[in-house]
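Participant: Encoded as structure tokens, here's the structure I'll be asking about.
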Amino acid sequence: MMDFKEVVRRLESGELRVARKEGGLWKVDVEVKEAILEGFRTGTLKDLSRDEYSFFDKDTLPLRRFSLEDRVRIVPGGSSVRCGAYLAPSVIMMPPSYVNIGAYVDEGTMIDSHALVGSCAQIGKNVHISAASQIGGVLEPSGALPVIIEDNAFIGGNCGIYEGTVIGEGAVLGSGVIITKGTALYDAVQGRYIPLSEDGRTIVPPRAVVVCGSRPLSKGPGKEAGIQIYTPVIVKYRDDRTDASVALESALR
């Protein structure tokens, strides 16, 4: 078993990651996740309160402390980062937002107000996570791949990405899109459903533009009643017009 404190230190420096892309595929480091889980098991409840705010958590899991040299912009107003999370220089957190243990957030990414980056989630470069979006955490089982958001993706407001979903490079998710493991994703450009990965995960293709949609039930009383169920839909693939509409304001940087 890897030492928990050493794993936390190396995660915070970016030297160690819960998952990496190798040969075009994302692979999880089981030992790292097992060390994180051990930190939860061995800790004891402690009073971590500061000033007028009350906090009670495992003594192994304090909030991460930053310095000016980290070059991470955390705007005042209630945001926090748990120990063992990596935020690269030039990352911006708008208040209130939260990054959990094991997460990796790469350069140029913005985490907007009321957004969550869950445990072990891997966020690429220049990603925009819009207000109130939830990037789910995947700690258990230790071999399970976390949620992956690749470089230059744009996650619209109030989205929910869970259970090891992979959002491909440059993809754009419109407001309110929710994707979990096994969510049926329809490609209206190609006229087909996107196949799931071998382990049953939904993978959004690179540069896909995804919005909320629906499809009719195929049988039973629901079909006769005209009931529709939720289905995210790829309406196009990213082009110059899309790039312009999701461009981040340089003034925010």
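Participant: Could you please give the count of residues in the stretch 114-144 that are under 20 Å from CYS83 (Cα atoms), touching a residue at least 24 places away in the same chain (Cβ under 8 Å) and in a loop (DSSP other than H, G, I, E, B)?
Facilitator: Final tally of qualifying residues: 11.
Participant: How many residues does the stretch 100-113 contain that are under 17 Å from VAL28 (Cα atoms), of a type in the set (A, V, I, L, M, F, W, C) and assigned to a strand (DSSP E or B)?
Facilitator: 1
Participant: Considering only the stretch 81-99, I want to know if a residue exists there that is part of a loop (DSSP other than H, G, I, E, B), under 17 Å from LYS33 (Cα atoms), out of contact with any Asp or Glu (no Cβ under 9 Å at 6 or more places or on another chain) and open to solvent by 10 Å² or more (accessible area, probe 1.4 Å).
Facilitator: Checked the stretch 81-99: no residue is part of a loop (DSSP other than H, G, I, E, B), under 17 Å from LYS33 (Cα atoms), out of contact with any Asp or Glu (no Cβ under 9 Å at 6 or more places or on another chain) and open to solvent by 10 Å² or more (accessible area, probe 1.4 Å).
Participant: OK, next. Considering only the stretch 185-200, state which residues are in contact (Cβ under 8 Å) with a residue 12 or more places away in the chain, open to solvent by 30 Å² or more (accessible area, probe 1.4 Å) and in contact with a strand residue (DSSP E or B) (Cβ under 7 Å, 6 or more places away or on another chain).
Facilitator: TYR186, ALA188, VAL189
Participant: Here are LEU16, LEU63: which of them is among the aliphatic types (A, V, I, L, M) and over 22 Å from LYS125 (Cβ atoms)?
Facilitator: LEU63 is the lone residue from the list that is among the aliphatic types (A, V, I, L, M) and over 22 Å from LYS125 (Cβ atoms).
Participant: Let me ask you something else. Could you tell me which of the residues VAL166, VAL246, VAL177 is surrounded by 12 or more Cβ atoms within 10 Å (Cβ to Cβ), in contact (Cβ under 8 Å) with a residue 60 or more places away in the chain and within 17 Å of the chain's Cα centre (by Cα)?
Facilitator: Result of the check over VAL166, VAL246, VAL177: VAL166.
Participant: Please determine, by comparing only the residues of the stretch 1-22 that are of a type in the set (D, E, K, R) and farther than 17 Å from LEU145 by Cβ, which one is surrounded by the most Cβ atoms within 10 Å (Cβ to Cβ).
Facilitator: Within the stretch 1-22, the match that is surrounded by the most Cβ atoms within 10 Å (Cβ to Cβ) is GLU12.
Participant: Look at ASP59 and say whether it is surrounded by fewer than 18 Cβ atoms within 10 Å (Cβ to Cβ), closer than 24 Å to LYS5 by Cα and at pLDDT below 95.
Facilitator: Here the answer is yes, as ASP59 does meet what is asked.
Participant: Among the residues of the stretch 27-54 satisfying the criterion of being out of contact with any strand residue (DSSP E or B) (no Cβ under 9 Å at 6 or more places or on another chain) and in a loop (DSSP other than H, G, I, E, B), which is least open to solvent (accessible area, probe 1.4 Å)?
Facilitator: Only one residue tops the list, namely GLU52.
The values are calculated or read from the model by the stated rules, or taken from the named source; none is laboratory data. Since we're looking at a predicted model, the values are computed, not measured. Counting neighbours? That spans all protein chains shown, and the Cβs are built from the backbone with ideal geometry, glycine included. Please note that ligands, DNA and RNA were not included when accessible areas were found on the heavy atoms of the full protein model with its side chains. Shrake-Rupley method; radii C 1.70, N 1.55, O 1.52, S 1.80 Å.
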